[in-house]
1. Find the Rg to Rh ratio for the stretch 62-139, where Rh is the Kirkwood radius over alpha-carbon pairs and Rg uses the same atoms.
2. Counting only helical runs of four or more DSSP H residues, what would the 222 nm mean residue ellipticity of the chain come to if each run contributes -39,500 (n - 2.57) and the total is spread over all its residues?
3. Please identify, among A147, A57, A315, the residue showing maximal mean-square fluctuation in a Gaussian network model of the chain using a 10 angstrom Cα cutoff.
4. Springs between alpha-carbon pairs under 10 angstrom, Gaussian network model over the chain: which of G216, G53, G294 fluctuates most?
5. Under the 0.36 nm per residue contour assumption, what length would be gained going from the current alpha-carbon distance of E112 and D72 to full extension?
6. Counting alpha carbon pairs within less than 8 Å and at least 6 residues apart, what relative contact order, in whole percent, applies to the stretch 136-266?
7. Taking the Cα centre of the chain as origin and charging only Cβ (+1 Lys, Arg; -1 Asp, Glu), how large is the dipole, in debye to the nearest 20?
8. Please list, in order along the stretch 104-111, the HN-Hα scalar couplings obtained from phi with the Karplus expression 6.51 cos²θ - 1.76 cosθ + 1.60 (θ = phi - 60°), rounded to whole Hz, x for Gly and Pro.
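Only the coordinates and a few stated rules stand behind these numbers; no lab work does. Fair warning: this is a prediction, and the values are worked out from it, not measured in the lab. We place every Cβ from the backbone using ideal geometry, glycine too, and count neighbours over all the protein chains shown.
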Amino acid sequence: MRKLILSCLAVLGLLALGCGKSSDSSGGSTAVKTKLSFITNVSADFWAYAEAGARAAEREFGDIEVIFRTGDGTTTKQKQIVDDLLAAGVEGIAISPTSARNQVRMINDWVEDAHVITVDSDAPGSNRITYLGTDNVAAGRQLGELAKEALPDGGKVMVFVGIKDQQNAIERFQGFNEAIAGSGIEVIDLRTDGADSAKARANAEDTLTAHPDIAGLVGLWSYNAPACLEAVRAAGLLGKVQVLAFDEAPKTLEAIDAGEIFGTVVQDPFTFGYDSMALLRALAVKEMSPADAGVPESKIIHVGTKVLRKGEGLAYKAQCDAWKASIAN
């Protein structure tokens with residue numbers, strides 16, 4: 001019944017548009033563009049760079065309309081967004097699920113009505129067509145190796161993330177622990193903040209107070225390291241407590257070259273946006289099979305990461321600024 005209702009809505013939409021055509025100012029007609037969507041987990045600069053990639057694909061191909069939506073860290077919000085988009089006739093969905101476990105049924109429902117892929121964070125137990133994004137276990141290992149550079153003599157560290165049961169958080173934490181095994185670095189705990197930057201800073205402040213012997217603060221999501229840095233600055237512990245980051249938040253990149261954050265592991269959000277829209281277009285517009293569209297048997301498409309250290313932050317920030325500026329063009 002749900003699929004029938006959505007189909008009826010789509011037919012009515014086409015009729016309203018004149019059987020798939022719309023008039024332009026000269027009295028001619030233009031083909032209706034296929035609607036594709038990108039749904040984030042939370043709001044962050046990282047996602048602005050992904051939107052830049054999605055908009056680049058929209059401009060290049062010309063036959064798709066990209067609808068970009070931002071989540072609030074809850075599965076409820078993402079469900080509301082997707083249900084609304086499906087009712088509006090969206091044919092392709094790229095989503096970063098907030099909970100790998102709790103959204104399997106949702107995704108399995110959505111694939112009945114649209115092409116669905118996961119981006120940035122996966123829901124491996126679902127019927128999504130593919131995951132497109134970082135190998136988060138490998139990226140976590142990169143962060144662990146960076147921690148060993150920052151703390152060659154070992155020491156206690158606290159790890160921070162927004163939502164610990166999101167798949168990318170699970171895998172990054174796993175990889176981090178694998179890399180630091182036997183190094184003398186001890187993880188005290190994994191603290192969560194529900195994607196709230198103010199809570200993230202409070203968590204860091206509480207850690208510095210409760211553990212005066214702490215050697216490092218490690219952020220697994222983009223806003224975590226800047227929040228940790230604010231706490232370290234306020235406590236007068238710059239140079240005494242190392243901060244390690246993930247992603248390319250502007251404050252992180254500036255602080256790396258200032259010597260205040262040791263380094264970060266950056267993903268490629270622009271490629272996430274561009275490649276996800278290109279793949280969904282191949283499926284929805286070109287009506288290609290997943291295999292013909294480039295989806296491997298593993299149903300996993302990995303996008304590379306790299307580590308930035310002092311002297312590399314501002315150059316990368318310039319690239320990020322250019323991506324962000326391109327959204328309005």
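1. Reported Rg/Rh, Kirkwood definition of Rh: 0.95.
2. -14000 deg cm²/dmol
3. Result: A315 has the largest fluctuation of those listed.
4. Ranking G216, G53, G294 by mean-square fluctuation puts G294 first.
5. Between E112 and D72, full extension yields an extra 11.9 nm.
6. 27 percent
7. Numbers: 32 positive and 43 negative charges, 79 e Å.
Computed about the Cα centre, the dipole is about 380 debye.
8. 4, 5, 4, 4, 5, 6, 5, 5
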